[in-house]
Structure formats: structure tokens, C-alpha cells
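Structure record follows, encoded as C-alpha cells.
The values are calculated or read from the model by the stated rules, or taken from the named source; none is laboratory data. These figures come from a predicted structure and were not determined experimentally. Cβ atoms come from the backbone with ideal geometry, glycine included; neighbour counts cover every protein chain shown. Accessible surface areas use protein heavy atoms only, side chains included; no ligands, DNA or RNA. Shrake-Rupley method; radii C 1.70, N 1.55, O 1.52, S 1.80 Å.
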Amino acid sequence: MPKDSGIGAPSKRREDVRFLTGAGNYTDDINVHGQAYVHFLRSDVAHGTINSINTDAAAAMSGVIRIFTGVDFEGVGGLPCGWQVTDRFGEAMQEPGHPVLAQGKVRHVGDPIAAIVADSLEEARNAAEAIELDITELPAVVDMKAALEDGATKVHDDLTSNLCYDWGFVEDNRDAVDDAIKNAAHVTTLELVNQRLVANPMEPRVAVGDYSRANDESTLYTTSQNPHVIRLLMGAFVLGIPEHKLRVVAPDVGGGFGTKIFHYAEEAFCTFAAKACNRPVKWTASRSEAFMSDAHGRDHVTKIELALDVDNNFTALRTETYANMGAYLSTFAPSVPTWLHGTLMAGNYKTPLIYVNVKAVFTNTVPVDAYRGAGRPEATFQLERVVDKAARELGVDPIALRRQNFITEFPYATPVAVEYDTGDYEATMVKLEEIADISGFAARRAESEKHGKLRGFGVNCYIEACGIAPSNLVGQLGARAGLYDAATVRVNATGSISVMVGAHSHGQGHETSFPQVVAEMLGIDEGMIDIVHGDSSKIPFGMGTYGSRSIAVCGSAMVRATEKIIAKAKKIAAHLLEAAEADIELKDGQFSVAGTDKSVAWGDVTLAAYVPHNYPLEDIEPGLEETAFYDPANFTYPAGAYACEVEVDPETGQVTVDRFVAADDFGNIINPMIVSGQVHGGLAQGIGQALLENCAYDENGQLLSASYMDYAMPRADDVPFYEVDHSAQTPCTHNPLGVKGCGEAGAIGSPPTIINAVIDALHSGGYDVTHIDMPASPSRVWAAMNAVK
Amino acid sequence: MSKVAMTVNGKSVSGDAKGNTLLVEFLREDLRLTGTHVGCDTSQCGACVVHVNGKAVKACTMFAAEADGAEVTTIEGMANADGSLNVIQQAFQDHHGLQCGFCTPGMVMSAAALLKENPKPTEAEVRDYLEGNICRCTGYHNIVKAIMAASGQDVGAIAAE
Ligand code: FES
Ligand code: FES
């Protein structure tokens, strides 16, 4: 029987009631009295020199309040980058400026050139058409390898080249890895592309800036996964507003998947313009605008080589990756292909020698940053594709080859600098084999063949690293921020509780799952506990929600704060019960004296804390409110094994996903219903990447996929019902809940599973195809089949 | 500007709308019924689905003036008279058919239209009907399950929570 409340219960989500009745409060639902609207005039060329911008005619048009261009931001900071990578020669990466509005040059289609603030959006848009732009178009840098050639056009004239950094990891292993590959019994090599994607949360980004002359205070309402981070970045680095004069509010957030982590120009603009115009200023992205202004994801080109000995043990791994940064460095962009990618290249396997080289490249495209999984999907895709290819080349079973090379002892220090605290890869593989009904596959394949279809089975293992930390280590690696989180537990006089947290839900259901933890610890009803999040003026300084960190990091802070509450409440209870503090036990919301029938209820203790008439005032303060900051000792390492079956129509190349099974180890689980939902969503995004989605540019840097007409989002009939299991659990050893995080797993583990299955299907039909780049669209599959026929 | 009048969620409303004011703008900005969402500018996402004279319509594809005199129902008008969730809304909560909630109003409105046409849809029929509704969070599993459950079908056999 599942529990019906507390940790481990599938509690229904309380936030659903408002979302299901239209009572949610998303940023675009906020209108501030007297607000004006801004429209951004964006570059329609990928690269160009701005000769002049004439706004005279536009400024005279009806409703126009003020038109801003780059000149207005000359004394203002640029958008900061939060991570400085050091290259393999010990030099800092090249870091170009990123102005709020373009200064001198435009560097990608969508780069904002001017911002028109007007009484209505329509007037702002009309005025934009009257702005006279004189731009000399320059050759666009689009292809990464071409961008690094001698004499290539530079995206940034003040940098020495288009190379952001050339990173080697672990540099000391470089020669040993080369030798091991040279001397290996077998080497499998694969070149592949992890295509550019657009995160596409269904809620487009919105920013509303407001300014109060009365107290010189600025407020920004924004679609953010981390309001405090935005307040710090924008206040300290862009606009020069001290924290106590700047409030950042992210109300209900309609999905993020990473793309709402970053600090964007439009946020800084609306905050700045609200003060400059003395009017609230609102911006709502259209979907087309989102495509050209939201940070994109992935976009790696990789060569990977796996060396094996005569017994099929992995002996070395070498990768060379080109990672697209786009035209500017988005907030955490440099960390994604390095510390979130290179450190995961061991995967689930005990490969003793690994060397990862990453060249990060500037191009005239939208900046690229973290998207669900961020670096880990790229790592997993290469590794699991090359392992599958090796199995095929060696004629061994792909599951057996993986199994043979599994890491089996923990803690395990990988050759790429991280230490897996715990795991059991065999256990998730066994679960997978059980659920996937592998023995029934032959019959299902025969059935497909009867209908003229090729059926393939694909398998995949993954490891991810969540809750990136500890702060002192990531500081050494180049992070310009701490990666702790914080929670304040405020117990009210009657015993109800508000928990103020730094994490911020954008669909994860924190309002339901976080109270489950506190309720369990105190033995009180979940309904007595509410979460407060998303408003920098109400919550302690925390780092927000991304990288599957909320429960592992912020949840741990909440546990620590609740432990402090319990410790103090026990002191109060001891006083009320005239007993020794050491004898007080807390169970089911009752404090009792061990071995007696004397007890006081939770509410008696909380009331005493706020009405301290009978209270040890000489020993403890009144009140019951505690804050904790939690900085994890290590990452957490969820892992799992995935399998799928696809059908390929050899006539058309159409791939259909027929079954998908996910067996994950997330450690302990707070709400299994929410966890399953997270996996489902990740799987659909991974299936989308594998089969449908592609953010494409032409050679002139024109964005070809700028709407849902030409960017194929997965729809209900593109995916099957999934079979997900998370019963194999090895609790995290270093956080108080033993939790690992589950938000990204599905998106990490599914793309290689699908491609492995497609390759298997093609082989079953006699097509000796070794690889198909994603998305494996009908035309690509068909072309690959015809190329080998 | 011209006057438009319609019945929205059972109440008579009127307002001034320009000829090019979309129904979704009129609902969100003039009536401040912000439960109907805008997720795209190419009529692809379905976040804006409402019912006009009993039919599911993408409110971003219709001018407010075209709805003059119509009966419009939005997500705000879907709960039971006592304010409790209706059968479809309740099924979405019971089966975790929503995460961020942004697509949800459109999903519920589409689901209601589907079940009116087809009271016991199969999985394939549900998936097919949702062609015009994009959800980025749920992977659709629990949405399809919720809609089938709302139609009174036993979904116990469908995997996992
Ligand atoms: S907003 Fe109407 S279909 Fe997207
Ligand atoms: S629940 Fe977020 S888009 Fe569907």
C-alpha cells in the first residue's frame, strides 16, 4: 500500500486547482496600472555593421513614449556570463561583451537593435516600421569548423578569433589515452551531431518592469526559474541597483527546461525603461520572437573513439567536440559543454582512461545554453551510440557489453574527476529486462514484418549529475556563483507553517511535494504547510530550480531548517512538560516525555513560542522561525536503463515509437506520481529530439525554424504510453533525504535509446546503416537506407 | 472601434473592440479572463482553445467581432456550479495530467469538446484529437489517461502513476 501522506505518498497536486480553473497567475496575466508596452526591433540579418539608426519619424508617431537604442545603454553594464572556463593551456576563455541593445554591430538574427515604448503594443509595432536602419551586412559565420579557420570572419572584432576556449579534460590523461587507443584490440569510432534545439516552454517569456519614485524601488515581474539570480545579475552587473532597491518576482511559470534560468536583455530593458519613462513597461514575447531570443540548446559536433581489449573491456575513450556558443555567452553557456558534459563521459562504465576535448565556438546564431539535461544528454548520446556501435562491430549483445563494463563498486572515482557516491546499474538493468519483455520481442518483430515494417529494439544506460555543487569546488572550476540553496521555515502561532524557499517551481509541483517532507518530519497534516516561492522580497537568497536540484539542494535546506525548528520546539516542550529536553520525543505532532503518558501537542508548543507566558525566556528567544542554507558535499548521481521498440516503414523511412520503458534509480522519492510525470515529460522531449526537432540555420545565418510551422514539436500522437519504474533505489549518501533528482533523466536517456532502436530495425531489414543523425526524420532514414542498398 | 456583445460563461458582456482585436485578446485584456493562454502566433499550440457556440475554437484565430452575439465558454466557466472541479478537471488532477499548467486550459477545453462528440474515445482517438494542442511538460501520457478516465473508462491498466 502506498502511503497517503508524507514522504513517498502520491499526494495530488494542490496547485492544480488554480491551473485547472484558469486562476493561475502567470507573468503575462499581470498588468500594472498605467503600463506601457515595448516592442523590440530585431536584426533580420545574421551579421552586420550598424551605420545609423534614424528614429525621428518613429518617435513622432502616435502613442510613442520613447525609443531606445544601444546609445542609451552605453553607461550601463552588459549581460554577464556566470561561468569562466579555463582552457587547456591555462588561459581564461575569450569573453565578449553582450550589450542590452546592439552597439555598432548586430550578431544574430533576432539581436535587438531598438526598443520602442508606447502606450499600446500596436503603436509600438507601428513605430518600429518607421525606424530607418542603415546596416551593412557582413558575411555570416554559421558552421563551427569554418568559423575556426584562419581568416574566418570574426563575430567579435575585439577577440582574437571565434574560439571561445579549447578545453581538455583531463589534460594530464591526453597522452595515455592516445597510447591506449593506438594499442587497443578494437577501436570503434563515430562522428555525430547533437543538433540545436529550442526548449520551447509553452509560456513564452514575459517581463514587466515597474519603478516607484516614492522609495526609489524597482520591481521586475519575469518568467524565471530563479528570481534571486536575476536580481543579483541584473542589479549588480547590468543596472547597478542594490538588492534592497530591486525586487524580482516570478509568479506561476509556464515551463522552463533551462531556458528561463538565464538573464535576458528584455528583463534588464523593462526594468531600466520603467525608471527612465516613469511608467511600468511590459514585454511579452511572441512565439516567433521566442525562437530568435530564447537561449537555444545542444548544438555539438563530436567525434568519439572507444577502445576495447580482446575481452571487450573498455580501455579508453577519446572525444573531440565542437560546441556552439552562438553570438554571445549566455549566462551559464561555457559550463555546459565542459563541466556538465566532460565530467559525465565515464557514464555507467569503468573505462580507466578518458580524454575530452571541447572547442567552444562563436557563430552568428542565437546564444546556446542549458536545455533540459544540459551537457549530459550530449555526453550520453555519444557514449551510448558508440557502445552500441561497438557491440554491433564485435557481434556481441549490446546489453551484455554494457553489463560487463558496469561500475559495480561505490564510491567510484571516475577518470573525469567526479566521484559517484552510490548506484546499482545492474539493478536498473534487471528491472528494465523484466518490464521490457525482451523474450517477446522476436514475436513482435515477426508481427511487424508481416505488415511490412521493420522492428528494432534499442537499449541505453545513463548517468546524470544533479544538484551541481559544492560551491567551493565549482568556484575553482570557474562558476561565479555559489550553488547552495536556502529555506526559511516560519511556524505561526497556531502551528500552521509557511516555508520560504529559494527553489522555484515551473511545473515540478513544489507546492505539493515540499510540504510532504515537512509534514513527515513533524507528524502534522500536509495541509498545514504552504510553500512561498518566486518573490525575492519574500524568500531567502536561493539559487532557484534547474539541474534537477530542487529537492536535493533546496529540499535539504528545508530539512535542516525544520531540524532546527524541532530542536527548539523540543526545548519549549520540555519546559511545558517540566521534563528534561533529552527525554522529549516528537511523534505524530505530539511532544511526549519518553516512558510516560505526559505530552503536549504541536499547537501548544507553537502557541507558547508566540505567547511566551510560560516560557524559558532566559534560555531561548520567543518565536519559531529558522533558516538554513545548504551547500551539498557532492553532486547526486541518478542513473538508469532505458529500452524502446520502434517500427520503421521501409517505404517511407517513417519511424514510430511503439514502446518505451524507463527504469530509473532516483534514490528516495518524495512523491512518486510527480516523479513519473517528470520522467514522462523528459521522454517526450528526448523522443522529440531523436525524431522531430531541429533548429536549423541556412548558410547566411537565417533562422529557418522560427515557428511551430517549421519546428516540429512532439504531439500526442508522436509518443506512446510509457512504462516507467523507479523502484530500484540507492539513496544518495550525502544529503539528508537520500534523494537524487529526476527532472532531466528522461531527456538524457531517451535520444540514444531511440536511435539505437532505429539502427537495429534497419539492420534487421539488411540495411547496414551505422548511424543516423537526429532528428531521424523520414527523409534522413530513407536516405540512409538507400545509401547502403 | 466597434461594440461587441457576447455571453461569456453565462454572463452577458460587452466592450469596444477594434476590427483586428482577436477573441483571445478580448477575453484576456478586456474581460481579464486570463485563463485562456497564448502560446504561439501561428495557430498551432491550442493554449487558447475556448468554446464558441459549443464548438472548440482557437481563440487566436477568431476576431472578437466575429464572436459578436455568440455563447463563449472559457476555462473559467468549466467548474461545477458549486465551484468544485468538473469531471474532466478532476480527472486531470487525479491522473497528474498537468505540470506547469500553461497548456492545461486549452487541453481541458479540447477534451470537453472531444467527449461531447465521442463519449468513449480510444487512446488513438484521443491522441489524434489532440493534434492541435501542444504540451511541453507531461509527455501527454497522463493527459491521454486523464481524458480516458474522464470518459468513464478504466485506466488502471495503463502503466504507472
Ligand atoms: S495561441 Fe492559439 S493556437 Fe497557439
Ligand atoms: S503542463 Fe506545461 S505545457 Fe502542458
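Just a few scattered comments:
- Taking the listed residues B:G132, B:G139, B:G152, B:G156, the one that is touching a Gly at 6+ places or on another chain (Cβ under 7 Å) and open to solvent by 10 Å² or more (accessible area, probe 1.4 Å) is B:G132, with no other qualifying.
- In the stretch B:108-161, the residues that are of a type in the set (S, T, N, Q), assigned to a loop (DSSP other than H, G, I, E, B) and within 19 Å of A:H680 (Cβ to Cβ): B:N133, B:T138
- Only one of the listed residues (B:G83, B:G46, B:G69, B:G15) is part of a loop (DSSP other than H, G, I, E, B), open to solvent by 10 Å² or more (accessible area, probe 1.4 Å) and in contact with a strand residue (DSSP E or B) (Cβ under 7 Å, 6 or more places away or on another chain). That residue is B:G69.
- Just one residue in the set A:L340, A:L329, A:L353 is touching a strand residue (DSSP E or B) at 6+ places or on another chain (Cβ under 6 Å) and either among the basic types (K, R) or touching a residue at least 12 places away in the same chain (Cβ under 8 Å) (or both); that residue is A:L353.
- The number of residues in the stretch A:735-756 being over 20 Å from A:L197 (Cβ atoms) and either buried (at least 24 other Cβ atoms within 10 Å of the Cβ) or at pLDDT below 95 (or both) comes to 5.
- A:P242 vs. criteria within 16 Å of ligand 1 (Cβ to nearest atom) and within 27 Å of A:G97 (Cβ to Cβ): no
- Every listed requirement among (1) among the polar types (S, T, N, Q); (2) open to solvent by 10 Å² or more (accessible area, probe 1.4 Å); (3) touching a helix residue (DSSP H, G or I) at 6+ places or on another chain (Cβ under 6 Å) is met by A:S288 save one, (3).
- Verdict on A:H504 being on the phi < 0 side of the Ramachandran plot and under 16 Å from the mean Cα position of the chain (by Cα): yes
- Scanning the stretch A:111-127 for residues that are within 34 Å of the chain's Cα centre (by Cα), closer than 25 Å to B:D30 by Cα and buried (at least 22 other Cβ atoms within 10 Å of the Cβ) yields A:I116, A:V117, A:A124.
- Considering the stretch B:13-37, the residues that are free of Cβ contacts under 8 Å to residues at least 12 places away in the same chain and either under 16 Å from the mean Cα position of the chain (by Cα) or not assigned by TED's automatic domain parsing to the domain that holds B:V57 (or both) include one that is farthest from ligand 2 (Cβ to nearest atom), namely B:R28.
- Counting the residues of the stretch A:709-723 that are under 30 Å from A:H47 (Cα atoms), in contact (Cβ under 8 Å) with a residue 60 or more places away in the chain and either over 22 Å from the mean Cα position of the chain (by Cα) or more than 16 Å from ligand 2 (Cβ to nearest atom) (or both) gives 1.
- Output for the stretch A:333-363, where each listed residue is open to solvent by less than 10 Å² (accessible area, probe 1.4 Å), part of a strand (DSSP E or B) and under 30 Å from A:G110 (Cβ atoms): A:V358, A:A360, A:V361, A:F362
- Of all residues in the stretch A:404-430, those satisfying the criterion of being more than 25 Å from the chain's Cα centre (by Cα), surrounded by fewer than 17 Cβ atoms within 10 Å (Cβ to Cβ) and part of a loop (DSSP other than H, G, I, E, B) are A:T408, A:E409, A:F410, A:P411.
Residue-wise test of (1) under 25 Å from the mean Cα position of the chain (by Cα); (2) open to solvent by 10 Å² or more (accessible area, probe 1.4 Å).
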residue: A:P227; (1), (2): yes, no
residue: A:E243; (1), (2): no, yes
residue: A:L246; (1), (2): no, no
residue: A:A250; (1), (2): yes, no
residue: A:G254; (1), (2): yes, no
residue: A:F269; (1), (2): yes, no
residue: A:A276; (1), (2): no, yes
residue: A:K282; (1), (2): no, no
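- Residue match in the stretch B:89-105 (condition: surrounded by fewer than 19 Cβ atoms within 10 Å (Cβ to Cβ), within 11 Å of another protein chain (Cβ to nearest Cβ) and within 16 Å of ligand 2 (Cβ to nearest atom)): yes
- Selection from the stretch A:617-652 of residues that are in a strand (DSSP E or B) and open to solvent by 10 Å² or more (accessible area, probe 1.4 Å): A:E625, A:E626, A:T627, A:F629, A:Y630, A:E647
- Odd one out for A:P672 among (1) out of contact with any helix residue (DSSP H, G or I) (no Cβ under 9 Å at 6 or more places or on another chain); (2) of a type outside the set (A, V, I, L, M, F, W, C); (3) within 12 Å of another protein chain (Cβ to nearest Cβ); (4) open to solvent by less than 10 Å² (accessible area, probe 1.4 Å): (4)
- Applying the condition of being touching a Cys at 6+ places or on another chain (Cβ under 7 Å) and in a helix (DSSP H, G or I) to the stretch B:91-107 and asking which residue is farthest from ligand 1 (Cβ to nearest atom) yields B:M107.
- Failed condition for B:C48, given (1) within 10 Å of chain A (Cβ to nearest Cβ); (2) in contact (Cβ under 8 Å) with a residue 40 or more places away in the chain; (3) within 16 Å of ligand 2 (Cβ to nearest atom): (1)
- Of the set (1) open to solvent by 10 Å² or more (accessible area, probe 1.4 Å); (2) out of contact with any Asp or Glu (no Cβ under 8 Å at 6 or more places or on another chain); (3) under 25 Å from B:E29 (Cβ atoms); (4) free of Cβ contacts under 8 Å to residues at least 12 places away in the same chain, all apply to A:H33 but (4).
- Strands (runs of 3 or more DSSP E) completely within the stretch A:454-549 that count 1 or more residues being surrounded by fewer than 22 Cβ atoms within 10 Å (Cβ to Cβ): A:485-491, A:497-501, A:529-532
- In the stretch B:53-66, residue most open to solvent (accessible area, probe 1.4 Å) [restricted to those that are more than 13 Å from ligand 1 (Cβ to nearest atom) and out of contact with any Gly (no Cβ under 9 Å at 6 or more places or on another chain)]: B:K55
- From the list A:R42, A:R66, the one residue that fits, being touching a Gly at 6+ places or on another chain (Cβ under 8 Å) and either within 14 Å of chain B (Cβ to nearest Cβ) or of a type outside the set (F, W, Y) (or both), is A:R42.
- For the stretch A:149-171, the set of residues classified as under 30 Å from the mean Cα position of the chain (by Cα) and over 18 Å from A:H108 (Cα atoms) consists of A:Y165, A:D166, A:W167, A:G168, A:F169, A:V170, A:E171, listed by residue number.
- The listed residue being within 13 Å of another protein chain (Cβ to nearest Cβ) and in contact with a Cys (Cβ under 6 Å, 6 or more places away or on another chain), out of A:S727, A:S750, A:S705: A:S705
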